[in-house]
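For reference, the structure is listed below as structure tokens.
Every number here is computed from the coordinates shown, using simple stated rules; none is lab data. The structure presented is a predicted model; accordingly, all values stated were derived computationally and were not measured. Cβ placement follows ideal geometry from the backbone for every residue including glycine, while neighbour counts extend to all protein chains displayed.
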Amino acid sequence: MATAISSALAFGACGAPEMRVEPERIVLVTIDTLRADHLPFFGYPIDTAPFLTSLADRSINFTKAFSHSATTGPSHSSLFTSLYPLQHRVQNNGQRLDDGFVTLSEALADRGFETAAFVSGGALFGDSNIAQGFATYETPRMTTRNDNGNLIRYQSANRTTDAAIRWLQTGAADGKFFLWVHYFDPHNPLRPPQQHLDQVTPAPGEATTRHRAFLTDEQEIVAARPRFELIERYDAEIRFMDEHLGRLYEAFAPLGLDSNTLWVITADHGQGLGTHKWWGHHRYIYNEQIRVPLIFHFSDADALGVEPRTVDDALAEHVDVPVTIMDLLGGTLDGQRGQVQGRSLTPLIFAGAEADVDRRAYAFSERRRIFQDFSDDHPEAGERYALQDFQHKYLWSSLGADELYDIAADPYETRNLIDVAPQARVRMKQTIERIVAALDSNEEAEIVDEATLEQLRSLGYVR
Ligand SMILES: [Zn+2]
């Protein structure tokens with residue numbers, strides 16, 4: 001049954017009134033490998049996501065949001081713990097999130113939320129221990145051959161949506177619940193239905209020429225032989241996922257679940273698609289890899305006084321998500337092992353565009369030890385950290401040279417200013433080194449079992 005909106009006017013520490021909302025239903029959607037700038041509301045000229053675009057229009061849409069890693073396991077671990085990978089130590093796929101960390105699902109279960117997860121693939125199976133706190137944790141049973149002929153276990157958005165809707169219909173969802181749905185479609189292998197491919201492929205001739213010019217000139221695809229056909233399939237997978245995400249959303253109203261519901265929608269990381277001469281993810285932390293959509297959608301926005309808007313003047317990080325959800329419930333991630341890095345986005349959600357609220361000064365991401373058998377002198381073997389504000393982005397590297405970009409003028413990070421912008425260089429380098437010194441515990445997370453490692457090898461994550 002739908003219940004009345006539950007909200008209360010409370011007073012924050014500074015004495016300013018602030019709205020507290022207590023959503024009874026919280027839906028977190030993570031879309032694997034969804035690059036933000038392939039969405040229409042990030043300026044992409046193809047309609048890859050009609051549902052998400054219409055939802056973003058009715059939501060608080062953070063357009064300067066970043067993940068902490070371009071790798072599934074570390075990224076989701078931060079999204080659930082509000083800790084950086086340096087702290088929770090899941091720095092590669094195939095590592096296990098320790099039981100000692102408090103996850104968002106555990107915190108919500110403690111508050112009486114029924115918890116359920118529907119996971120489509122990748123590095124999030126039970127042994128990743130992302131499952132902690134979930135009473136229901138469904139993963140795909142089917143295996144399929146990927147483009148290299150290896151068997152991988154994943155499922156498409158239609159099946160994941162079906163499974164989530166079945167759970168909503170069982171009655172487990174009658175009270176308060178936290179539902180996490182993970183979609184995998186924009187990840188390899190890219191095998192969209194023809195219908196969705198037709199929906200995103202420009203007409204031959206001038207439209208195709210214009211779109212390819214956009215990809216190479218605006219999105220800085222510098223590969224010698226751009227794989228445009230692969231990009232069309234990638235866009236079609238987004239379109240397919242978008243249709244089934246829309247179907248999940250539409251399933252709530254007939255079940256009486258469409259009031260007092262909060263939706264949070266994001267991606268775990270992006271994809272190279274030829275920018276920086278790289279087609280996948282996992283290896284780099286340029287912004288095509290870590291800039292992600294982040295949408296907070298309230299079913300009762302009008303009644304709550306939440307005015308839908310695009311927030312492009314504040315940075316947001318994945319670690320902010322659990323803190324914001326708990327803040328809306330009047331709580332925190334109690335008992336977390338390690339210093340919580342998230343800041344509540346609640347003031348930005350409720351205060352409106354003109355509000356003078358405390359904002360995050362930077363966003364921080366990392367890439368460590370991606371392939372375990374790289375020798376120490378391999379350029380990809382070392383650690384990389386990225387720090388960015390609205391103007392600059394600094395890439396710190398333990399092996400090889402550091403990089404500095406003016407991302408306001410050069411958003412695709414093509415002109416390295418490390419030798420010509422000494423003030424930004426010194427300031428940002430020192431900040432990175434301070435963060436790392438404060439947070440790096442040098443512990444290693446446990447490696448998962450051999451069967452899981454074999455799956456990760458098939459996906460290209462472990463060599
Ligand atoms: Zn991923």
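Assorted remarks:
- Residue-by-residue Karplus 3J(HN,Hα) for the stretch 140-147, coefficients 6.51, -1.76, 1.60, Hz, glycine and proline x: x, 9, 7, 10, 9, 7, 7, 5
- Inter-site label distance for Ala438 and Glu307 at 7 Å from Cα along Cβ, in nm: 3.4 nm
- For Ala65, residues with placed amide H under 5 Å, excluding near neighbours: Val292, Ala316
- In a simple Cβ point-charge model (Lys, Arg +1; Asp, Glu -1; nothing else charged), the chain has a dipole of about 540 debye relative to its Cα centre.
- Eligible aspartates and glutamates near Lys429 by straight Cα distance, threshold 19 Å, same-chain separation 8 or greater: Glu366, Glu383, Asp389, Asp402, Glu403, Asp406, Glu413, Asp419, Asp440
- For the chain, averaging the sequence separation of C-alpha pairs within contact (under 8 Å, six or more residues apart) and dividing by the residue count gives a relative contact order of 25 percent.
- Interchain or long-range residues, amide H under 5 Å from Ile221's placed H: Thr216
- Prolate/oblate/rounded label for the stretch 21-361 (Cα gyration tensor, a/c 1.5): rounded
- Relative contact order for the stretch 134-181: 23 percent, from Cα pairs under 8 Å spaced at least 6 residues apart, divided by residue count.
- Each Lys and Arg contributes +1 and each Asp and Glu -1, all at the Cβ; summed about the Cα centre of the stretch 39-105, the dipole is approximately 120 debye.
- Taking a straight Cα-Cα cut-off under 23 Å and skipping sequence neighbours fewer than 8 places away in the same chain, the lysines within cross-link reach of Lys277 are Lys393.
- Of the DSSP H helices in the chain, those whose Cα atoms cover at least 15 Å axially and whose Kyte score averages -1.0 or more: 157-169, 228-250, 422-439
- Segment Arg337-Leu230, extension gain: residue separation times 0.36 nm, minus the distance between their alpha carbons: 34.3 nm
- Counted by Cβ distance under 14 Å from Leu315, the other residues give a net charge of 0, where Lys and Arg count +1 and Asp and Glu count -1.
- Difference of contour (0.36 nm per residue) and Cα-Cα distance, Asp410 to Arg58: 123.7 nm
- Lys/Arg +1, Asp/Glu -1 at C-beta; the chain dipole; positive extreme among Pro422, Thr143, Val306: Thr143
- Estimated inter-spin distance, Thr143 and Asp198, nm [label 7 Å along Cα→Cβ]: 3.5 nm
- Options Pro186, Gly280, Ile31, ranked by Cα towards positive dipole end of the stretch 21-361, top entry (Cβ charges): Gly280
- Charge-dipole axis of the chain as Lys and Arg at +1 and Asp and Glu at -1 on Cβ define it, positive-most pick from His244, Ile152, Val340: Ile152
- Sum of side-chain charges, Glu220 neighbourhood, beta-carbon under 12 Å (Lys, Arg +1; Asp, Glu -1): -4
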